[in-house]
Amino acid sequence: MLNCKQVTRLLSEAQERDLQFKEKIPLKLHLMMCAGCDNFRKQIDFLRQACYEYAKGKPKSWPDPS
Amino acid sequence: MSVANNLSARVDDLPQSLRDEKFLAQLHHDMLRFVELQLQDRVTAEDLVQEALVAAMSGQEHFSGRAALKTWVFAILKNKIADYLRQRQRVVDIASLARETDDEADFDILFDHRGFWMPEDRPDRWGDPEAVFAQQQFWTIFEICLTQLPENTARVFMMREFIGFDTSEICQELSITTSNCHVILHRARMGLRLCLEKRWFAPED
């Protein structure tokens, strides 16, 4: 049984590599039962998306001249 | 595209937009900020921004508005940064990086002795990203949180998430092990999410 600390590590690694089948099952089980870790998963997805938007120059947009 | 569409859609081309001083100043400021987060060297940062602007100006592309134009200029800038990072590896100081990751225990306080979340540190729901990204103030906090990460850890994270290097490429360039690389990126995410949770998502705490 994984604990939350191990799950956060694994979720972060999932952003770098494909997890193995034997890693995925206990991870899935944990996430089904743990709202905190499931939120953590969504948060690091959010971070990736935020970085992507930031690097596209998204912030500080200005109205187009009319 | 029909003639009517053509007339109604606002079309910008870069050389023309760059004659708008306000637009140029804002664009330049945002570009410089973006590079300076990633490299400590202001002169190099300014050089890269200039190079990207010159490259952009030589194109004849048209854009459906200035946001699209800015995205395109940033794509050029990202390539310039990637080239620079590949040619020089002095951007990350390996010894400092090792010191930054030495203290394995600093996020342990978020967990109890069995490794489960402390009730008050359990991650919250952040809601719809698009709604958050639409708020200008969020990006200010985002930048502040990036600068509060340990310096070299942040640089590795930005190589990964801004420039889009593969983890394997980063490990190789820095001559560190894959598992070390994963630890660094994990710690960057832990630090960043903690900062955003405190400063943006739950400022009343």
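The values are calculated or read from the model by the stated rules, or taken from the named source; none is laboratory data. The structure presented is a predicted model; accordingly, all values stated were derived computationally and were not measured. Ideal geometry is used to build each Cβ from the backbone, glycine not excepted, and the neighbour counts take in all protein chains shown.
Against the test of being in contact with a Lys or Arg (Cβ under 9 Å, 6 or more places away or on another chain) and under 20 Å from residue B:164 (Cβ atoms), the options B:74, B:107 yield a single qualifying residue, B:74.
Residue by residue, here is whether (1) under 26 Å from residue B:139 (Cα atoms); (2) modelled with pLDDT under 75; (3) in contact with a helix residue (DSSP H, G or I) (Cβ under 8 Å, 6 or more places away or on another chain) holds:
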site: B:4; (1), (2), (3): no, yes, no
site: B:7; (1), (2), (3): no, yes, no
site: B:21; (1), (2), (3): yes, no, no
site: B:35; (1), (2), (3): yes, no, yes
site: B:41; (1), (2), (3): yes, no, no
site: B:50; (1), (2), (3): yes, no, no
site: B:54; (1), (2), (3): no, no, no
site: B:57; (1), (2), (3): no, no, yes
site: B:71; (1), (2), (3): yes, no, no
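A Cβ distance below 9 Å, combined with a sequence gap of six or more or placement on separate chains, defines the contacts here; from the range B:58-84, residues that are at positive phi reach residues that are modelled with pLDDT under 85 and not hydroxyl-bearing (Ser, Thr, Tyr) in the pairs B:65/A:64; B:65/B:9; B:65/B:10; B:65/B:11; B:65/B:12.
Matching residues to (1) free of Cβ contacts under 8 Å to residues at least 12 places away in the same chain; (2) among the hydroxyl-bearing types (Ser, Thr, Tyr); (3) closer than 25 Å to residue B:31 by Cβ; (4) not in a helix (DSSP H, G or I):
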{"position": "B:115", "(1), (2), (3), (4)": "yes, no, no, yes"}
{"position": "B:125", "(1), (2), (3), (4)": "yes, no, no, yes"}
{"position": "B:137", "(1), (2), (3), (4)": "yes, no, yes, no"}
{"position": "B:142", "(1), (2), (3), (4)": "no, no, yes, no"}
{"position": "B:153", "(1), (2), (3), (4)": "no, yes, yes, no"}
{"position": "B:156", "(1), (2), (3), (4)": "no, no, yes, no"}
{"position": "B:196", "(1), (2), (3), (4)": "no, no, yes, no"}
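With respect to being surrounded by 13 or more Cβ atoms within 10 Å (Cβ to Cβ) and under 19 Å from residue B:179 (Cβ atoms), residue B:122 falls outside the description.
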